[in-house]
Structure formats: C-alpha cells, structure tokens
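Since the structure comes first, as structure tokens, the remarks are kept for the end.
The values are calculated or read from the model by the stated rules, or taken from the named source; none is laboratory data. Remember, predicted model here, so these are calculated numbers, not experimental data. Positions of Cβ are backbone-derived with ideal geometry, glycine not excepted, and every protein chain shown enters the neighbour counts. Heads up: the accessible areas ignore ligands, DNA and RNA and are worked out on the full protein's heavy atoms, side chains in. Shrake-Rupley method; radii C 1.70, N 1.55, O 1.52, S 1.80 Å.
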There are 2 protein chains.
Amino acid sequence: MNPNDLIRSRVLQYLSAIGAGTAADIAALYADDATVEDPVGSDIRAGRTAIEEFYGALSGADCDAELLTLRVSGNTAAFGFRVTTRTPDQVIVVEPIDIMTFDDDAQITSMRAIWGPDDLTIKNR
Amino acid sequence: MNPNDLIRSRVLQYLSAIGAGTAADIAALYADDATVEDPVGSDIRAGRTAIEEFYGALSGADCDAELLTLRVSGNTAAFGFRVTTRTPDQVIVVEPIDIMTFDDDAQITSMRAIWGPDDLTIKNR
C-alpha cells in the first residue's frame with residue numbers, strides 16, 4: 001500500500017475504533033510519544049497512557065463516527081467527520097475537523113481537533 | 001468582534017482575495033514572518049515577500065474560491081474550500097483543506113494546505 005493509501009486506511013480504522021473499539025484499541029493506533037490536542041487550545045496530552053485516558057471518557061458510550069471529507073498530503077491528513085453519541089435521554093452530534101500526522105508505519109504521531117460549541121448539537125430523544 | 005468571529009471573517013476575506021485580489025492583497029492578510037506550506041510536504045515559504053511571490057502565480061487568472069466547511073478552535077482554523085480556475089481551454093478545480101493559525105490581530109501566521117492529485121479535476125472547455 002502506498003503511504004497515502006496507508007494513511008487513508010488508518011483514518012478509517014480510527015473512526016471505526018471510535019465507534020466500536022475500546023480506549024486501548026484507539027490508543028494503539030497512536031505512536032508511543034504521540035500528542036493529542038482536542039480541542040485545539042486545550043492542554044496537550046502526551047504519550048499513549050495519557051491518550052488512552054482521554055479516550056476512556058468515550059468507552060462504553062453508544063456512539064459512531066462517520067467520515068465526511070478527507071485530504072492527505074505528505075505525512076498529514078485533515079478530515080471532517082461526524083460523531084453521534086446516544087445516551088438514554090439525548091443524541092449528541094459533533095462535527096470536528098481533525099489534523100493528524102503519521103510516522104512511516106502510519107502510527108498517529110499527533111492529533112489536533114478543531115471544533116467549537118457551534119459544531120455541537122444536542123437533541124432530546 | 002470576538003476572536004472566533006474575527007478568524008472566520010479573515011478566512012472569508014482570504015477566499016475573496018484569492019478570487020478578486022492581487023498577490024499583494026493576499027500577502028497583506030499574513031503576518032510579516034508567516035509561513036506557507038502548500039501542499040504539506042513541499043518547501044516552506046517564510047516571510048511576506050516569499051508568500052507574495054507564491055500567490056503571484058495566481059495573479060491575473062480567472063478564478064474564484066468558495067468556502068465548503070469551516071471549523072475554528074483557539075487560534076486555529078481548518079476549512080475545506082473549492083478553487084475554480086478558468087483558462088481559455090480548461091476549467092481546473094481543486095478542493096483542499098487548509099489549516100491556518102492567527103495572531104491576536106487575526107493576521108495569518110501560518111498556512112498549511114492539505115490536498116493531492118485526487119483532489120484536483122481538469123476539464124476541457
């Protein structure tokens with residue numbers, strides 16, 4: 001697989017893990033010393049342990065993630081996606097654009113999520 | 001205007017300058033020591049003079065730029081857009097996602113454009 005296709009497939013794997021995987025599954029897609037800044041402007045989480053903790057908040061939630069648009073250039077991907085989370089009372093939809101960089105094995109070396117309150121909708125069920 | 005709205009309006013100003021402005025108009029939206037990496041993975045152009053040179057390639061072309069999607073978080077914007085360029089013989093359409101950072105005056109401090117050959121279409125007129 002060429003590097004560009006490998007990055008594309010890794011992004012799809014990431015979105016699939018958000019929907020169906022554990023925090024450890026998601027963290028395993030990251031390099032050991034990767035960083036996560038979500039949303040951009042918040043504290044940067046560094047290292048796979050901190051990253052697994054971050055995704056732990058999602059664990060057990062009924063949610064899925066759908067790719068809306070994806071661009072890849074060099075070692076960098078930018079993608080718009082929709083995460084839908086269902087609680088007993090509410091449906092929460094957020095549509096960020098994430099920027100990811102990758103190493104030669106297409107492990108994620110950094111993720112920066114760009115979204116704000118305007119990109120979040122909450123509906124009662 | 002709050003910082004978020006100021007960044008949004010600057011992105012629209014940038015797209016409008018791509019369509020109707022000169023290279024100097026576009027470069028004036030950048031901070032003095034800004035950098036441009038377009039596409040990501042290519043050489044980084046540093047400083048407003050080098051940036052004006054870069055946009056000089058567009059000058060005089062019949063083109064317009066349309067915003068498709070925009071996210072803002074902290075000092076960073078990510079936006080998908082479509083640039084349509086018309087030559088006597090061809091219509092060239094490219095749809096990148098750009099990542100821009102801004103200073104406190106919403107001058108652009110960096111731009112990284114994420115797109116590849118798959119995001120470019122060329123049609124004969």
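Considering Cα pairs under 8 angstrom that are at least six residues apart, work out the relative contact order of chain A and quote it in whole percent.
For chain A, the relative contact order is 26 percent.
Using only the alpha carbons of the protein assembly as shown, determine the length spanned along each of the three principal axes and report them from longest to shortest in whole angstroms.
Extents along the principal axes, in whole Å: 55, 46, 35.
Taking each residue of A:108-118 in turn, how many C-beta atoms of other protein chains fall within 10 Å of its C-beta, and what is the average?
3
With all protein chains present and a 1.4 Å probe, how do B:L67, A:L70, A:L12 order by accessible area, largest first?
Solvent-accessible surface, decreasing: A:L12, B:L67, A:L70.
Please list, ordered by chain and number, the residues whose modelled amide H lies under 5 Å from the amide H of A:S110; skip anything fewer than 5 residues away on the same chain.
A:T35, A:T101
Using only Cα atoms, tell me the angle between helix A:3-20 and the longest principal axis of chain A; keep it within 0 to 90° and round to the nearest 10.
Orientation of helix A:3-20: about 30 degrees from the principal axis.
Could you order the peptides B:78-84, B:41-47, B:119-125 from most to least packed, using the average number of other C-beta atoms within 10 Å per residue?
Highest-to-lowest ranking by the protection proxy: B:78-84, B:41-47, B:119-125.
Region A:70-125 to region B:66-125: how many Å between their Cα centroids?
19 Å
What are the equivalent ellipsoid semi-axes of region B:3-124, built from the alpha-carbon gyration tensor (square roots of five times its eigenvalues), in whole angstrom, biggest first?
For region B:3-124, the semi-axes come out at 22, 16, 14 Å.
Of the peptides B:57-64, B:95-102, how do they stack up when ordered by the mean number of other Cβ atoms within 10 Å, highest first?
Result, highest mean Cβ count within 10 Å first: B:95-102, B:57-64.
A plus B alone minus the pair: what accessible area, both sides summed, probe 1.4 Å, in Å² to 100?
Using a 1.4 Å probe, the pair buries roughly 1700 Å².
When Rg is the radius of gyration of the Cα atoms in region B:16-78 and Rh is its Kirkwood radius, what does Rg/Rh come to?
Expressed as Rg/Rh, it is 0.97.
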